[in-house]
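Everything on this sheet refers to the single structure shown next.
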Amino acid sequence: MQTHSNDLVFSLASVCLGGLGIFIALLIVFVGPFSPQPDIGTAIGEIAGNMRAAAQRALEGAPQPAPTKAGWTIDDMLAAAAPACGVLGLIAAFFAMMRREPLRYVLFGIGISTGAIVVQLFLLAALIIAGAIILVGIMQNMDSILGG
């Protein structure tokens, strides 16, 4: 069966968007972070200091400071772009199915677009687990970190 390239517009868009999403997700893992980051000792010290100050304010009955939202960094934008490309790829695959494009290309687009979303979810889950382990370690050693 001969298939013309203009019959595969949405299937190819789905594959390309899914591939771009996986590329961005793997770029984050292997090359990132791109914005300047404090060193790990400074970050852990600030977390421990903030935990101690929050506990002290809670014991005294003082109000906690209002949360602040930092602006978007390139890392935040890339982290949002990877699953967004995957979702757009799934939408393109849906349109390809509605146009009755060849099923092999549609399924490949669905698979690669879903992979873009799943890679980002696994990355997020791994970072949450690592962060929880670090926080437990800080809490267990709070007196030795802050000296009393």
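If I filter region 96-128 down to residues being touching a Ser or Thr at 6+ places or on another chain (Cβ under 8 Å) and surrounded by fewer than 21 Cβ atoms within 10 Å (Cβ to Cβ), which single residue comes out as nearest to ASP7 (Cα to Cα)?
Per the criteria, the residue is PRO102.
Of the residues that make up region 1-17, is at least one assigned to a helix (DSSP H, G or I), surrounded by 15 or more Cβ atoms within 10 Å (Cβ to Cβ), among the charged types (D, E, K, R) and modelled with pLDDT of 80 or more?
yes
Residue-by-condition table, conditions (1) surrounded by 11 or more Cβ atoms within 10 Å (Cβ to Cβ); (2) of a type outside the set (Phe, Trp, Tyr); (3) within 21 Å of ILE112 (Cβ to Cβ):
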position: GLY41; (1), (2), (3): no, yes, no
position: ARG52; (1), (2), (3): yes, yes, no
position: PRO67; (1), (2), (3): no, yes, no
position: ASP75; (1), (2), (3): yes, yes, no
position: ALA84; (1), (2), (3): yes, yes, yes
position: LEU88; (1), (2), (3): yes, yes, yes
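Quick one: count up the residues across region 36-87 that are part of a helix (DSSP H, G or I) and over 20 Å from SER144 (Cα atoms).
18
Kindly indicate which of ALA25, ALA93, ALA79, ALA48 is surrounded by 13 or more Cβ atoms within 10 Å (Cβ to Cβ) and modelled with pLDDT of 95 or more. Before you say what the answer is, go through the steps one by one.
Details: ALA25 fails: modelled with pLDDT of 95 or more; ALA79 fails: modelled with pLDDT of 95 or more; ALA48 fails: modelled with pLDDT of 95 or more.
None of the others qualify; the one that does is ALA93.
The values are calculated or read from the model by the stated rules, or taken from the named source; none is laboratory data. Everything quoted here is computed from the prediction, not taken from an experiment. For neighbour counting, all protein chains shown are included, and Cβ atoms are generated from backbone atoms with ideal geometry for every residue, glycine included.
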